[in-house]
Amino acid sequence: MPLYGYARVSTRDQDLALQLNELTAAGCAKVFKEKASGARSDRPELAKVIGRLEPGDVLVVTRLDRLARSVRDLLNILERFGQDDIGFVSLREKHIDTTSAGGRLVLNIMASIAEFERELIAARMAEGRQRAMDNGVKFGPPFKLDAFQKREALARIKAGESQSLIARTYGVDRATISRLQKRAAAS
């Protein structure tokens, strides 16, 4: 099983030498290296090594933070590796090794915790939105018509004018007039 290394530092002032030495000592045939922030999603060397990996290959990094920006990012990458039968090893985090049953177990536990965390965050966000709406906060962009224009547009609809004509008069999309009409009918 061929081993490929990936080394990354965040700034131009940092040195890749230590990572390169560790990856070479671990038996990596080729090491892809780059100087780019981990926050960037466009890391060309990472894309290159991932594109080169074939079933049975193993990607090796010195530390998890060299590969992924977050737990979710890591799990997404490793899920893709699992689907493609590609292994992953982190030299510092010895328990992160998808080529062993124990390493896969640890990753499944991490995935479950990340999913639980996402659900908690979603629930807190929904509660926060509901509290805001209860306090009168309106979400979305502001309505394009002022109160006078809304009353006038509704009167014109009632008089039988088309939504398209009314929309052109106010310089808005027909959907704006349609939403106005639906909101008026609902209240």
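Values in this text are rule-based calculations from the coordinates and carry no lab data. Please read all numbers here as calculations on a predicted model, not as lab measurements. Counting neighbours? That spans all protein chains shown, and the Cβs are built from the backbone with ideal geometry, glycine included.
Pick from Asp13, Asp65, Asp146 the residue whose mean-square fluctuation is largest in a GNM of the chain, springs joining Cα atoms under 10 Å.
Top of the fluctuation ranking is Asp146.
Would you work out the relative contact order for the chain, in percent, from Cα pairs under 8 angstrom that are 6 or more residues apart?
Relative contact order here is 14 percent.
Any idea how far apart Leu165 and Ala147 come out in nm if each label point goes 7 Å out from Cα toward Cβ?
A separation of 2.8 nm, rounded to one decimal place.
Set the Förster radius R0 to 22 Å, insert the Cβ-Cβ distance between Ala25 and Arg52 as r into 1/(1 + (r/R0)^6), and round the FRET efficiency to 0.05.
Computed FRET efficiency for Ala25 and Arg52: 0.55.
Between the range 33-70 and the range 103-148, what's the alpha-carbon centroid distance in Å?
Here the two parts' Cα centres lie 30 Å apart.
What residue among Ala29, Ala147, Ala123 shows peak mean-square fluctuation when the chain is described by a Gaussian network model with Cα springs under 10 Å?
Sorting by GNM fluctuation, first place goes to Ala147.
Evaluate the relative contact order of the range 129-187 (contact order divided by residue number), counting alpha-carbon pairs under 8 angstrom at least 6 apart; express in whole percent.
So the answer I get is 25 percent.
Testing the spin-label approximation: label points 7 Å from Cα along Cα→Cβ at Ala36 and Met110. State their distance in nm.
2.0
Looking only at Asn21, Asn135, Asn76, which one moves most when the chain is put into a Gaussian network model with springs between Cα atoms under 10 Å?
Looking only at Asn21, Asn135, Asn76, the largest GNM fluctuation is found for Asn135.
Check Phe88: other-chain or 5+ apart residues with amide H under 5 Å from its amide H, H built from backbone geometry?
Leu59, Thr98, Thr99
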